[in-house]
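Enquirer: Quick one: structure below, then a few questions.
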Amino acid sequence: MNIEIVEKNGTRYLIINGVKIFSSVESGDEVLEVAMSEGVDAVVVPSEAVSLLFFDLKTRVAGEILQKFTLYHIRLAVTGDFSNIPSDSLRAFMVESNRQGSIVFVDSIEAAFEKLR
């Protein structure tokens with residue numbers, strides 16, 4: 001896993017690049033373990049590093065992973081262009097997640113830093 005730790009405005013972020021993650025609940029657990037061992041407040045992942053299974057709500061991968069992130073108080077941002085999401089249910093899921101604020105889907109890493117601080 002290619003990771004970088006960044007601190008901005010008193011918040012520590014784990015930024016993950018270069019690998020496909022969240023293909024299963026177990027891969028979400030691995031990310032959580034790294035986040036907790038690094039003592040970060042939030043994880044930021046570009047959408048191209050996220051498995052397509054995560055975005056298929058029928059698999060329940062996203063729901064279970066996000067529930068664990070919430071349980072352990074680790075915030076998560078997935079960054080990318082979500083303007084062409086064909087699924088109404090996925091779009092509604094993202095809107096609701098953004099409204100709650102601990103799991104967000106935003107267009108850039110800067111927006112992630114702003115939303116999760």
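The values are calculated or read from the model by the stated rules, or taken from the named source; none is laboratory data. All values reported here derive from a predicted model rather than from experimental measurement. So basically every Cβ, Gly included, is an ideal-geometry build from the backbone, and we count neighbours across all protein chains shown. Areas reflect the complete protein model, heavy atoms only, side chains present, ligands, DNA and RNA absent. Shrake-Rupley method; radii C 1.70, N 1.55, O 1.52, S 1.80 Å.
Enquirer: What is the angle, in °, between the Cα long axis of helix 25-38 and the longest principal axis of the Cα atoms in the chain? Nearest 10 is fine, range 0 to 90.
Expert: Compared with the principal axis, the helix lies near 20 degrees.
Enquirer: Using +1 at the C-beta of Lys and Arg and -1 at the C-beta of Asp and Glu, which of 49, 23, 100 has the Cα lying farthest in the positive direction of the dipole of the chain?
Expert: The residue sitting farthest along the positive end of the dipole is 100.
Enquirer: Now a separate question. Name the residues whose placed amide hydrogens come within less than 5 Å of the amide hydrogen of residue 50, ignoring near sequence neighbours (fewer than 5 apart) on the same chain.
Expert: For residue 50, whose amide H was placed from the backbone, the distant partners under 5 Å are 21.
Enquirer: Antiparallel versus total DSSP beta bridges in the chain: what percent is that, nearest 5? Each step should come with its number before you reach the end.
Expert: On the way: 7 of 20 bridges.
Antiparallel bridges make up about 35 percent of those DSSP assigns within the chain.
Enquirer: Shifting gears a bit: Taking the Cα centre of segment 1-93 as origin, work out the dipole magnitude from +1 charges on Lys and Arg Cβ and -1 charges on Asp and Glu Cβ, in debye rounded to 20. Please report the intermediate quantities before stating the final value.
Expert: Details: 8 positive and 13 negative charges, 49 e Å.
The calculation lands at about 240 debye.
Enquirer: Okay, moving on. Please arrange 68, 20 by accessible surface area, largest first, computed with a 1.4 Å probe and ligands excluded. Walk me through the intermediate numbers first.
Expert: Values: 68 65, 20 135 Å².
Listed by decreasing accessible area, they come as 20, 68.
Enquirer: Related question: To make sure I understand the rule: partners must be aspartates and glutamates, Cα under 17 Å from the Cα of residue 115, and not fewer than 8 residues away in the same chain. Which ones qualify?
Expert: Leaving aside aspartates and glutamates fewer than 8 places away in the same chain, those within reach of residue 115 are 7, 41, 81, 96, 107.
Enquirer: Below 24 Å, Cα to Cα, which lysines can residue 58 reach? Residues fewer than 8 away in the same chain don't count.
Expert: Excluding near neighbours in sequence, the set is 20, 68.
Enquirer: Ok, one more. Go through 75, 99 and list them by solvent-accessible area, largest first, probe radius 1.4 Å.
Expert: Values: 75 60, 99 165 Å².
Order by accessible area, largest first: 99, 75.
Enquirer: Something else about it: Once you have a ≥ b ≥ c as the square roots of the Cα gyration tensor eigenvalues for segment 41-117, tell me rounded if a/c is under 1.5, and otherwise prolate or oblate according to whether a/b is larger than b/c. Provide the component values of the computation, followed by the final result.
Expert: Numbers: a/c = 1.56, a/b = 1.17, b/c = 1.33.
Because a/c hits 1.5 or more and a/b fails to exceed b/c, segment 41-117 counts as oblate.
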